[in-house]
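Some notes on the structure that comes next.
Computed from the coordinates by the stated procedures, all read-outs in this text should not be read as laboratory data. Note that the coordinates shown come from a computational prediction; the quantities given were computed from them, not determined experimentally. Here the Cβ is made from the backbone with ideal geometry for all residues, glycine too, and neighbour counts use every protein chain on show.
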Amino acid sequence: MARQKKPNLDSVTTINVDGSHFSPQPADVKGPFTSLRRWFGLILLVVYVALPWIQINGYPALFFDLAHRRFHLFGLTFLAQDLWLAFFVIAGLGLGLFYVTSLFGRLWCGWACPYTVFLEHIYRRIERWIDGDAAARRQLQKAPWTRSKLVKRVVKHSLFILVALVIANVFLSYFVSLSSLYEYVKRPPLENAKAFGVVMFLTLCLYFCFAWFREQFCIIMCPYGRIQSALTDENTMVIGYDGRRGEPRGKDRKGENSEAGDCVSCQRCVQVCPTGIDIRNGLQMECIGCAACVDACDAIMHRLKRPKGLIRYDSLEGLNGGKTRYLRPRVMVYTVALVVGFLAMIYLLSGLHSVFADVNRMNGQPYYVTDEGVRNQYQIRLMTKLNQATTFTIEVVDAPEGLVLSGFDQSITLEAQSEAVRPFLAMISKDQYTGQFELKLSIKSTPGDDELIKTVRFLGPSAYLLREKGVKEAGGKQTK
Ligand code: SF4
Ligand code: SF4
């Protein structure tokens, strides 16, 4: 199959010219970036798995509790009513990514994206362990089906499926509690068909992506990969080849041919690239910024006793001999937006309570007028986000003299993570009624010592109409 060699606008390097998938077999590489990336990847793997196990304020550090429509984030609990706050969190994460991208290019992709972390630090490792190095893998790919190849393929794909199953369960643990997950795993699949179906679907998707689709996900499907060209410019830090120093490339050594550049066309940078590109052709959208080519080329330069950095982290401006400008309009705009958004988020989060309360008018007529006076009907809705029983103490803090509340519980205890709705009536006699007013309630909760002040309007007719013209004229009913 003819390979696409040079980047162009109509194709990508991992798709052959006939449209078939070219699966790169990256060679092993050693070097400071590779080691650092490996350690960073391992730490991230531990973090991904551990987050649902770490308890903060009685909840997992990161838990999207779908069953109770709650979201727990490092000790903070968000109810569906707090969803608007998610705007700040999502916008903040998005802006943060824009910021990092405008300064450092695809740092996220090569170093921290879970997809890359799983692919590079688990799946490719399994592959190397079973099939051998890049040359052995390529050879095995072309080899006819023998017993040994069959065994290797069966073992490798069984491990791929097993890891996909583990990742799918870890993913599920972000959405259901660990005890529920344990129950799902323990019981026959059909008893929890929905959860079982989700895990199986995820396992298949993960297996497909990591066993076959691989780098194509980053190139074809990832939306972040698609917008990054709009976020970067000539001064963004990327991994690039210093053509001024490397060209003209060739096998000639310096001294023997003073015209020759530092690149000796050894192809190591191409061989180690997980997306199969040749970085010497310039910055390409397939590059995930993994720095494998930096380590590979530095090793060659070290062996040739030439300065390192023929391929390096630098801006396009720097690679062309200019000076990188870190402070530029887009970076300043992102910085301001990020700081403002961050401060707004801190301010809003500081007002987040461990309980929720709301007082609303009940459906039906806004008010009732009778011989006794004017009556409004309300309902109070209480919710606790705490993982323990919570007692609410409710008091009227501001209301006119003579207002009588009935059906009103001053103390209500709710079970952990539960809610309750209680109706109550507010009544004021005709003589004491002077017109519509605000009814202010203080709702305190224990534990947590939160206090919420809720104000609701007491509605009624004009006091003059009620007193001078009577109940009927004021829109009410005569009662015995
Ligand atoms: S690894 Fe360095 S020397 Fe070898 S081909 Fe790539 S750029 Fe040239
Ligand atoms: S070109 Fe270099 S940094 Fe980019 S993906 Fe390939 S090896 Fe990684």
* To do: Could you tell me which of S445, L459, L405 has its Cα farthest along the dipole of the range 326-480 towards the positive end, charges placed at Cβ (Lys, Arg +1; Asp, Glu -1), taken about the Cα centre?
  => L459
* Give me the Kirkwood hydrodynamic radius of the range 355-469, using the inverse of the mean 1/r over all pairs of distinct Cα atoms, in Å to one decimal. => 15.0
* To do: Can you tell me the order of 77-87, 234-244 when each peptide is scored by its average per-residue count of other Cβ atoms within 10 angstrom, highest first?
  => 234-244, 77-87
* To do: Please list, in chain and number order, the residues 5+ apart from L386 or on another chain whose amide H is under 5 Å from its amide H, with Hs placed from the backbone.
  => Q417
* **Across K430/K469; K152/K186; K156/K194; K385/K444, pairs whose alpha-carbon gap is larger than 23 Å** => K152/K186; K156/K194
* Asked: Once Lys and Arg get +1 and Asp and Glu get -1 on their Cβ, which of L162, S179, V117 lies farthest toward the positive end of the dipole of the range 113-188?
  -> L162
* Between V340 and V89, what is the spin-label point distance in nm, taking each point 7 Å from the Cα along the Cα→C-beta axis? -> 2.3
* Debye-sum result for the chain in log10 I(q)/I(0), which assumes one identical scatterer on each alpha carbon, at q = 0.06, 0.09, 0.10 Å⁻¹ -> -0.47, -0.81, -0.92
* Structure fact -> For the chain, any Cys whose C-beta has no other cysteine C-beta under 4.7 angstrom counts as unpaired, and these are C109, C113, C205, C209, C218, C222, C263, C266, C273, C287, C290, C297
* Give me the aspartates and glutamates in straight-line cross-link reach of K149: C-alpha distance below 16 Å, same-chain residues under 8 apart excluded. => E127, D131, D133
* Asked: For K186, K385, what's the fewest-to-most ordering of other Cβ within 10 Å of each Cβ?
  -> K186, K385
* To do: May I ask you to derive the relative contact order of the chain, considering only C-alpha pairs under 8 Å and at least 6 residues apart, and to give it as an integer percent?
  => 14
* Asked: Taking the mean number of other Cβ atoms within 10 Å as a proxy for protection, how do you rank 346-356, 321-331 from highest to lowest?
  -> 346-356, 321-331
* To do: State to the nearest 20 debye the size of the charge dipole of the range 1-160 about its Cα centre, where the only charges are +1 on K and R beta carbons and -1 on D and E beta carbons.
  => 860
